[in-house]
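Visitor: My structure is below; once you've seen it, I'll send some questions.
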Amino acid sequence: MNRVVVTGIGVVSPIGSTREKFWSGLVEARSGIGPIVNIPTERLNTKIAAEVRDFDASQHFDAKRQGMLDRFSQFAVVAARAAVKDAQLEIGEEIALQAATIVGNGAGGMNTLDDSFYRLYAQNATRAHPLSILRLMANAACSQVSMDLGLKGPTFTIASACSSGTHAIGQAFQMVRSGQAPLALAGGTEACITVGAIKAWEALRVLSTDTCRPFSKTRTGLVLGEGAAMFVLEPRDRAVARGAPIYAELLGFGMTADANDITAIDPDGAARAMRAALIDARVNAEDIAYVNAHGTGTALNDKGETVALRKAFGDSAERLAVSSSKGVLGHSLGAAGALELAATALALHHQTIPPTANYQEPDPDCDLDYVPNTARNAPIEHAMSSSFAFGGLNAVLVLGRA
Amino acid sequence: MAIIDDVRSIIAKSLNIPVERLTPDTRLDELGAESLDVIEIVFGLEEKFDITIPLKADEATRLLEAGGKGGTGSAGDLPFATVGDVADIVQKLVAAKVAQ
């Protein structure tokens, strides 16, 4: 069994697309949520989102290559390149042939799908663009990362809605730990802020038109986000031997299904996933200092997640620091778990707990320490990152200080 | 067809129960409705009557959690607990639309 460490972090996010900007935004609780600028909003009741605003695809891809890439693939490739650079990784023959490339996304190329259907149904276009399928297929981002970096090992996409990124990283972690792959590029990506997708979310009546206020009594729902985070995961021995930066160690992965409600969190299923991750990590609940929560900002999730944390942590829940990054990042669905793992790994690296942004007022149903609005320096030896998806799919990672 | 009959038929279809079980006094939470059912019912009503009902998922959950404790839930400021409440809301919104 290899010890597995995170040596490269690449992000594309609503608060900036460098690791430094991302971390400073989280620590300063600088929310990336704002008025939607990338799509027309006349027909939408929800006019806010956490969009990636500083992303210019033409700075990363020539026109021909850009034509092949939906926005969710662009995000993934840019994040993957940044992760490789951050890890100071030279992709030699062994890595090229054997490294795993695993990307989580909840949807696929939603911008391509939305644009194509609008042209066909609303504008009565006769034909779709010949690259439509290649841009919108669910595995497009993963395949484009593999092609861009020349990675030819086990490569696939994991789709589990809001847990996709966490499932992808957990799977890659297990493959590197067992020696099935000598290294992995893993993470999550999502770009589905389109008129059609927002309309569908509005119909579920869970979107806030105010902002995202996780765990606050005044919370009014979730805010959609977008972005990507990709990681280089490799055995600790390899990382040390080549002098790579080590941000954190991945220690355990737990996953469960609720087999219950399609939307509502099931505290039992969520708590079982947390406990499974702790057991896999061989870490006691009381040794976890920080949990980066799923914390969507809906009444139901935040209440249910609090119950789950109490179930999984028992008395030590009282001493736990819990924060949600979604007040800053919005909810980027399949990318969320990956962006939040970046937040958790950087929390361990900097020994600083990023706060829960936009928090206003304690809720009796959410009675833990949510690190409201102001970051906290604290000794963190172990931390947890949780994702709980529609469909009742739960994925939890446990990390340790490098 | 009176509004109440359409409302009963839409609720019965969403919950897969015989329409005869629904009277104006029947409470939604007593019918085993879950919050997603309420959201589907509201969608059905909006489509049928071309109106917009301001009910959020969190309110639907609160409504159902109130159970037999006399909670009402709300759509905007209007009670949303019984089949009759729902019909009243639809009636008001339809009247407001006609007045426009």
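The values are calculated or read from the model by the stated rules, or taken from the named source; none is laboratory data. These figures come from a predicted structure and were not determined experimentally. For neighbour counting, all protein chains shown are included, and Cβ atoms are generated from backbone atoms with ideal geometry for every residue, glycine included.
Visitor: For the subset of the range A:1-45 comprising residues that are part of a strand (DSSP E or B) and of a type in the set (Gly, Ala, Ser), which member is farthest from residue A:77 (Cα to Cα)? Working first, answer last.
Guide: Residues of the range A:1-45 part of a strand (DSSP E or B): A:4-13, A:16, A:34-35.
Within this subset, residues satisfying the condition of being of a type in the set (Gly, Ala, Ser) are A:8, A:10, A:13, A:16, A:34.
Details: A:8: 14, A:10: 10, A:13: 13, A:16: 16, A:34: 25 Å.
Only one residue fits best here, namely A:34.
Visitor: Can you give me the number of residues within the range B:32-69 that are away from chain A (no Cβ under 12 Å) and over 12 Å from the mean Cα position of the chain (by Cα)?
Guide: 9
Visitor: If you check residue A:140 against the conditions, is it closer than 17 Å to residue A:161 by Cα and either touching a Leu at 6+ places or on another chain (Cβ under 7 Å) or modelled with pLDDT of 95 or more (or both)? Walk me through it before giving the result.
Guide: Details: closer than 17 Å to residue A:161 by Cα: yes; either touching a Leu at 6+ places or on another chain (Cβ under 7 Å) or modelled with pLDDT of 95 or more (or both): yes.
Against the criterion (closer than 17 Å to residue A:161 by Cα and either touching a Leu at 6+ places or on another chain (Cβ under 7 Å) or modelled with pLDDT of 95 or more (or both)), residue A:140 qualifies.
Visitor: Go through the range A:218-235 and give me each residue that's among the β-branched types (Val, Ile, Thr) and buried (at least 24 other Cβ atoms within 10 Å of the Cβ).
Guide: Of the range A:218-235, the ones among the β-branched types (Val, Ile, Thr) are A:218, A:220, A:223, A:232.
Correct list: A:223, A:232.
Visitor: I've got another one for you. Test each condition in (1) on the phi > 0 side of the Ramachandran plot; (2) crowded, with 23+ Cβ neighbours inside 10 Å for residue A:29 and report the one that comes out false.
Guide: Here residue A:29 meets the rest and fails (2).
Visitor: Kindly evaluate residue A:363 against the criterion of being within 14 Å of chain B (Cβ to nearest Cβ) and not hydrophobic (A, V, I, L, M, F, W, C). If you could, list the steps in order and put the result at the bottom.
Guide: On the way: within 14 Å of chain B (Cβ to nearest Cβ): yes; not hydrophobic (A, V, I, L, M, F, W, C): yes.
So residue A:363 fits the description; yes.
Yes/no per residue for (1) closer than 20 Å to residue A:338 by Cβ; (2) touching a His at 6+ places or on another chain (Cβ under 9 Å); (3) assigned by TED's automatic domain parsing to the domain that holds residue A:258; (4) not polar (S, T, N, Q):
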{"residue": "A:114", "(1), (2), (3), (4)": "no, no, no, yes"}
{"residue": "A:122", "(1), (2), (3), (4)": "no, no, no, yes"}
{"residue": "A:125", "(1), (2), (3), (4)": "no, no, no, yes"}
{"residue": "A:141", "(1), (2), (3), (4)": "yes, no, no, yes"}
{"residue": "A:146", "(1), (2), (3), (4)": "yes, no, no, no"}
{"residue": "A:167", "(1), (2), (3), (4)": "yes, no, no, yes"}
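Visitor: Quick check on residue A:97: is it in the same structural domain as residue A:142 (by TED's automatic domain parsing), in a helix (DSSP H, G or I) and surrounded by fewer than 24 Cβ atoms within 10 Å (Cβ to Cβ)? Explain how you work it out, then say what you get.
Guide: Working: in the same structural domain as residue A:142 (by TED's automatic domain parsing): yes; in a helix (DSSP H, G or I): yes; surrounded by fewer than 24 Cβ atoms within 10 Å (Cβ to Cβ): yes.
Yes, satisfied.
Visitor: Next question, about the same structure. Against the conditions (1) away from chain B (no Cβ under 14 Å); (2) part of a loop (DSSP other than H, G, I, E, B); (3) more than 17 Å from residue A:322 (Cβ to Cβ), where does residue A:269 fall short? Just the number, please.
Guide: Every listed condition holds for residue A:269 apart from (2).
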